[in-house]
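*Asks:* Here it is, the structure in full.
Every number here is computed from the coordinates shown, using simple stated rules; none is lab data. Just so we're clear, the structure is a prediction, and the values are computed from it rather than from any experiment. Cβ atoms come from the backbone with ideal geometry, glycine included; neighbour counts cover every protein chain shown.
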């Protein structure tokens, strides 16, 4: 009996110091990959909680997400990364290994629309998003009061055609000084330069207020209203140098009718936008997204 | 007591010979329109069962659908039409007046895909669609066996660039000889000529296998697969001389994931296509659709 | 030319002082009702913008919602109501006549969950809900800080079995003193007494966190998780004396999978709850809902 | 060059004789399971195409589905099963190993409603369902003509309270003689006896025409109409001895409005029923479903 209690206590203690790790990896497919990866995990004291694997037959490419638990005193993330590197090199893999407990650091970019920002902050405060938000950046001052309500520093970088290169440089310095992992464009109404995008490859998430590739570019609700569609949508995607052409992470729609004016579309669209962006952030920050060319693999 | 029974019997008898009428009308908006129309109906013995009205404020245009019952011995459709004409002229209206009990006569056009045809025939036989189908037309013989199963005449008009004008002329004669009211393109893989379309203005319903205006033209599932969208769709619209640009009647979507191949998209898309086309036919044939420029008003 | 300018100016002025009215009415069906109602409107200077009518054939009951514009200097709401009363009496109607520009006064009841409250306040501040919120009532103090952020008075009425009758009485006095039109239970975790409900018949809107009638009562997410359903839902309904049995205004759902824990269901459910409650409030406050026995008629 | 051509030819030939295997397995969770299973597959010449794994933390239970390719000349299914058995015993697993190319043999049970039967046969003939249908069983003769159209034997077993035990015995013999793997109740209006169900544990799929657990039992559309719900649904589940209580495989819904009569609900419900049942069959027959107590794990 005493032994049982002791064991339970040990189990409990063990649990307390356990670490959750997530591996995202892709490489050319070949036999034995799952075996090698899962054996590596087992040999390093891990117990797999969740594993998703997908082979793109057409491209002959292997994608995997593994989440496992390990006793934190037995191993550190950097140790494990070092030990994993040779195997990864051998199979020529793109990979990241993450401590699930370590939240991504996100910078939010906004302009004048508040709905996406509010949705993110709301979920953030409810503890639903695995992120930290050390700062909000805007090209206007309008939404600084919301940042104040949440005690998050708000930085304004006014943009003109002339000042853009200089301002973006300053932004990059600020982002770098805060160790930002991911940039969320929450209806940010400025196009980022190719150079800026290059610094955060596949780390910038945008929300476009249409069902891409329909209504690319400006004023999609106006376009949708004029075309008389019966459904509107929103699309969240990684930003690349081609506007609205980056890999799509998430999309959703809302039904509309002839009664709805353009203003109604804008209003209804807001709820689709904030839902779709929130889901994309959730997927990215829980390390569920892999990019394959112009597409994404999103593991549930 | 006897009187009550008598009245109930009369009511019942009345019901037996009652006729249901539907008016679809649009004109420039002005005060008093509903009053004049509903008074006309009341004065001609009608009892309104359902009335939907919509004013497009931006275009200053009035749209209405009224469905009412009337004792059949008191009035005929043609009489009522004649009596209604002066009022319609006065308000400069576009209108149709229909006997709900008289089903539209539909011709189905198909090529080689059977799914939309099957869905239509299925609902037709289940008594769900207010249509008669006196004939099916195709540019190939492949699906004639389905027509045979349902005992519906199947006419093949092979099409080449050269024979098209002559063949369409024959089709028009055939359609005319069968008093066809509406043409349903159930994945018909031929573009109709402007002349052909002109004969059935707003009477030709097409199903396009994408969420228009995304992926206009050929191979939309291939385009969708390559773009990596997370949702596919289908669109049913009236055919105009601009390909895939006609007024949209109905749209719907299905979620897809990275796991889905192009073949999976085609397979999943089939169910969206047949659902969307069936709903559009239902709306059209129950006289629930009004066209306003490049858009539709669809009353529920 | 001068005359044209003058007319345009007059039209503009007329518009500036126009009033929008909404009539919600139900009575036993009989011929001529639409004609009489629309003629009344026309004769009193109105131009109908939108009319929805529905006859419940089984119950032989007529329901209508009409929205029209009228020049404000020509008529007042109370005048018009007086003039309309004899007609309404004659057809034995239940009816309300509203000035669309006059927002309903809503009291929000909350306990400890903030998500529904936040959604309402958010839409309220974005000008999307046609309501005024003069006060928030709670049985706990937890959410008072949110009320403070929005500068809305927050009243706490602690409830025990013993104090309930006295506390409800005070609440009723407070509500009455603020001329409250509608009470919104935004996850209020107290059952209202029959007496309280009686004071606000069909004026209390609740959100239940399940797809009614599934999972009536407490802990629906626990029930749903244990049953292994693949879809969860939320239901907004008018409060009657039968718990969770009132007329349903709106419902919606979210898909879930085996991966989702009870906590995930609660989290996902929050978004369905706030969406469904917001839509129900919108429908009620735009005077789109009529009650017929245990059901609602919701005009779009 | 010649060597390259030779290799490509060999690769192609290899492909031609490759076999796809699917393992479904569950056991108590412990470290190293994925490693052991994937190593087994690799050591027996397999290349994993798809792997889904899920650990139910609360129940401490491990679930996995693996799909892999192997050269058919190197191994047979029965050999591999024998070799796998000791490992499975050691981890105390429930498991099945399947040749993906070998379709399940399904018996369809119907009564008088044709819509689910038609949907299944349609998808079956389009090659979308990985099943063979050697026979259809009914308690009525009504739908035999559909079986005839598809050249599938149709067996009638009339049922009364008295004859049921005898008739079910005959059915079981017939099913057994056809090596039936799965029974699909396509709106079969008879309750199967506990004994019958016992012969096909987790191999009988039913469609219930409501969103379970709402509206359990008979006449769910009547119940739904009376309750005034805004959404109707359908549920596909494994049949257990508790009516409508078996593990749910799939659910979906359709929106309805006050305008819809009970007949409309029945009509709209048909499309939900056939969609939900078809999806459940697809999941089951592609070996994507594991049962855990009263719930299912459905891997996408």
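*Asks:* Evaluate 2.2 N^0.38 Å with N set to the residue count of region D:104-298, then give the Cα radius of gyration divided by it.
*Replies:* The value comes to 0.99.
*Asks:* Where Rh is the Kirkwood radius over the Cα pairs of region D:69-165, the temperature 10 °C and the viscosity 1.306 mPa s, what D in µm²/s does Stokes-Einstein return?
*Replies:* Translational diffusion coefficient: 95 µm²/s.
*Asks:* Mind running the shape call on region B:212-300? Use the C-alpha gyration tensor, a ≥ b ≥ c as the square roots of the eigenvalues: rounded below 1.5 for a/c, prolate if a/b tops b/c, oblate otherwise.
*Replies:* Verdict is prolate for region B:212-300.
*Asks:* Rounded, prolate or oblate: which one fits region C:134-176, using the alpha carbon gyration tensor with axes a ≥ b ≥ c (rounded when a/c is under 1.5, else prolate when a/b beats b/c, else oblate)?
*Replies:* It is oblate, given that a/c is not under 1.5 and a/b is not larger than b/c.
*Asks:* Next question. Output the antiparallel fraction of DSSP beta bridges having both residues in region D:99-256, as a percent to the nearest 5.
*Replies:* 40 percent
*Asks:* 7 Å along Cα→Cβ for the label point: how many nanometres lie between residue D:216 and each equivalent label in the other copies, listed shortest first?
*Replies:* List, nearest first: 1.3, 5.5, 5.5 nm.
*Asks:* Running a GNM on chain C with Cα contacts under 10 Å, which residue among C:31, C:86, C:153 ends up with the highest mean-square fluctuation?
*Replies:* Between C:31, C:86, C:153, it is C:31 that shows the largest mean-square fluctuation.
*Asks:* Of all the residues in chain D, which one has the C-beta that comes nearest the axis relating D to B, and what is the distance in Å?
*Replies:* Value returned for chain D: D:149, 3.
*Asks:* Please give the Cα centre distance for region A:184-207 versus region B:214-260, rounded to the nearest Å.
*Replies:* Using only Cα atoms to place each centre, the spacing works out to 28 Å.
*Asks:* For region B:269-300 and region D:25-41, what is the separation of their C-alpha centers, rounded to whole Å?
*Replies:* 52 Å
*Asks:* Based on the Cα gyration tensor of region A:23-77, what are the three equivalent ellipsoid semi-axes, each the root of five times an eigenvalue, rounded to whole Å and given largest first?
*Replies:* Equivalent ellipsoid semi-axes, largest first: 24, 10, 8 Å.
*Asks:* When 1/r is averaged over all different Cα pairs and the result inverted, which Kirkwood radius in Å belongs to region C:92-217?
*Replies:* For region C:92-217, inverting the mean 1/r across all distinct Cα pairs yields 15.6 Å.
*Asks:* What ranking do A:154, B:215 get, fewest neighbouring Cβ atoms within 10 angstrom at the top?
*Replies:* A:154, B:215
*Asks:* Still on this structure: For the residues D:296, C:163, what sequence is obtained by ranking on other C-beta atoms within 10 Å, fewest first?
*Replies:* C:163, D:296
*Asks:* Can you tell me how much longer the chain between residue B:219 and residue B:300 gets when fully stretched, taken as 0.36 nm per residue apart minus their C-alpha distance, in nm with one decimal?
*Replies:* Contour length minus Cα-Cα distance gives 26.0 nm.
*Asks:* Treating the angle as unsigned and between 0 and 90°, give the value, to the nearest 10°, between the Cα long axis of helix A:115-125 and the longest Cα principal axis of chain A.
*Replies:* Tilt of helix A:115-125: around 30 degrees.
*Asks:* Right, here's the next one. For A:228-238, what's the mean count of beta carbons from other chains sitting within 10 Å of each residue's beta carbon?
*Replies:* Mean shielding by partner chains, rounded to a whole number: 5.
*Asks:* Relative to the first principal axis of the alpha-carbon coordinates of chain D, what is the inclination of helix D:77-90, with its axis defined by its Cα atoms, in degrees from 0 to 90 and to the nearest 10?
*Replies:* Approximately 90 degrees, to the nearest ten.
*Asks:* Given the -39500 (n - 2.57) contribution per DSSP H run of 4+ residues, what per-residue ellipticity at 222 nm results for chain C, rounded to the nearest 500 deg cm²/dmol?
*Replies:* Helix contribution divided over all residues of chain C: -11500 deg cm²/dmol.
*Asks:* For chain C, what relative contact order do you get, as a whole percent, if you take Cα pairs closer than 8 Å and at least 6 residues apart?
*Replies:* 15 percent
*Asks:* To continue, here is another question. I need the calculated FRET efficiency for the pair residue A:176 and residue C:71, taking r as the beta carbon distance and R₀ as 56 Å, to the nearest 0.05.
*Replies:* Given R0 = 56 Å and the Cβ-Cβ separation, E is 0.35.
*Asks:* Order of C:95, C:68 from fewest to most other C-beta atoms within 10 Å?
*Replies:* C:95, C:68
*Asks:* Related question: Once the label point is placed 7 Å from Cα along Cβ, list for residue B:243 the distances to the corresponding points in the other copies, in nm, shortest first.
*Replies:* 2.7, 5.7, 6.3
*Asks:* If I take the Cα coordinates of region B:180-247 and project them onto the principal axes, what are the three extents in Å, biggest first?
*Replies:* Extents along the principal axes, in whole Å: 40, 18, 17.
*Asks:* Same structure, new question: May I ask you to report, in nm to one decimal and beginning with the shortest, the distances from residue B:18 to the same position in the other copies, taking label points 7 Å along Cα-to-Cβ?
*Replies:* For residue B:18, the other copies' label points sit at 3.6, 6.7, 6.8 nm, shortest first.
*Asks:* Pull up the DSSP beta bridges for the protein assembly as shown and report the antiparallel fraction as a percent, rounded to 5.
*Replies:* So the antiparallel bridges in the protein assembly as shown amount to around 75 percent.
*Asks:* Here's another thing I want to ask about it. Determine the relative contact order of region B:220-287: mean sequence separation of Cα pairs under 8 Å and six or more apart, normalised by residue count, in whole percent.
*Replies:* RCO, region B:220-287: 35 percent.
*Asks:* Rounded to the nearest 5, what % of DSSP beta bridges with both residues in chain B are antiparallel?
*Replies:* 70 percent
*Asks:* Related question: Considering the Cα trace of the protein assembly as shown, what is its radius of gyration and what is Dmax, both in angstroms?
*Replies:* Spelled out, the Cα radius of gyration and Dmax of the protein assembly as shown are 32.5, 104 Å.
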